[in-house]
Amino acid sequence: MEALSEGHQILESMVTQLGFNVTIEEEESEEGGCLQILTEESGLLIGKHGDRLDDLQYLVNRILQKKVQDPPRIRIDCDHFRVRQEEKLIATARDLADKAKESGKSMKMRPLNAYHRRIVHNALVDDDEIETISPRSDERLKRIVIQPVS
């Protein structure tokens, strides 16, 4: 994939200019291309709650848009941080779904961005006993309500 290797070069240039010693692996997943950063200094590149990873991903994709016509969105991860976070998010959603079924009451998740809300909705879509609702709002981060089906 041309865009992925181009993104690899962009990312490698950025992080080495910042003084990091990294190895970057190109991965394909169902969400598309991913550049996995492997380094001893992962905490510095990940940032608080992955905010630096989000910034790197944003910059790589913006630069890629200037270099490649209609590039696919490339995901940036570091030492599989995003995968671990998504697994925790799914586990939390399933725990809240179980609590909602047991108590008969609605449960709210912490505020999530659109990508993470989609992960939660997809993780619980096959459970016929509960439903997930994202309240309409102009906020970027929204809470999903997990409630028993009435």
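Throughout, read-outs are computed from the coordinates displayed, never taken from laboratory work. If you're wondering where the values come from, they're calculated on a predicted model, not measured in any experiment. All Cβ positions, glycine included, derive from the backbone under ideal geometry; neighbour counts span all protein chains shown.
Give the Rg (one decimal place) followed by the Dmax (whole number) of the range 86-148, computed from C-alpha coordinates and expressed in Å.
Cα only, the range 86-148: 10.8, 32 Å (Rg, Dmax).
Go from 0 up to the bin containing the longest alpha carbon distance in the chain, width 5 Å each, and give me the % of pairs per bin.
Going out from 0 Å in 5 Å bins, the chain shows 2, 9, 17, 17, 15, 13, 11, 8, 5, 3, 1, 0 percent.
If I build a Gaussian network model for the chain, linking alpha-carbon pairs within less than 10 angstrom, which residue out of Gln69, Gln36, Gln57 has the largest mean-square fluctuation?
In this elastic network of the chain, the residue with the biggest mean-square fluctuation among Gln69, Gln36, Gln57 is Gln69.
Would you please give the FRET efficiency between Ser150 and Glu30, computed as 1/(1 + (r/R0)^6) with r the Cβ-Cβ distance and R0 = 30 Å, to the nearest 0.05?
E between Ser150 and Glu30, to the nearest 0.05, is 0.35.
Among Lys48/Lys142; Lys67/Lys108; Lys99/Lys142; Lys48/Lys99; Lys105/Lys142; Lys66/Lys108, which pairs are too far apart, with a Cα-Cα distance over 31 Å?
Beyond 31 Å between Cα atoms: Lys67/Lys108; Lys66/Lys108.
Using a Förster distance of 30 Å, how high is the FRET efficiency between Asp138 and Val68, based on the Cβ-Cβ distance and rounded to 0.05?
So the FRET efficiency works out to roughly 0.40.
Which residues' amide hydrogens lie under 5 Å from the amide hydrogen of Leu112, considering only partners 5 or more residues apart or on another chain, with H built in the peptide plane?
Lys142, Arg143, Ile144
List the GluC sites (Glu not before Pro) within the range 1-109 that DSSP assigns to loop and that have no more than 14 neighbouring Cβ atoms inside 10 Å.
Glu30, Glu31, Glu40
In a shell of Cβ-Cβ distance under 11 Å around Ser150, excluding Ser150 itself, what net charge do Lys and Arg (+1) and Asp and Glu (-1) give?
-2
Would you mind ranking Val125, Val15 so that the residue whose beta carbon has the fewest other beta carbons within 10 Å leads the list?
Values: Val125 11, Val15 20.
The most exposed by this proxy come first: Val125, Val15.
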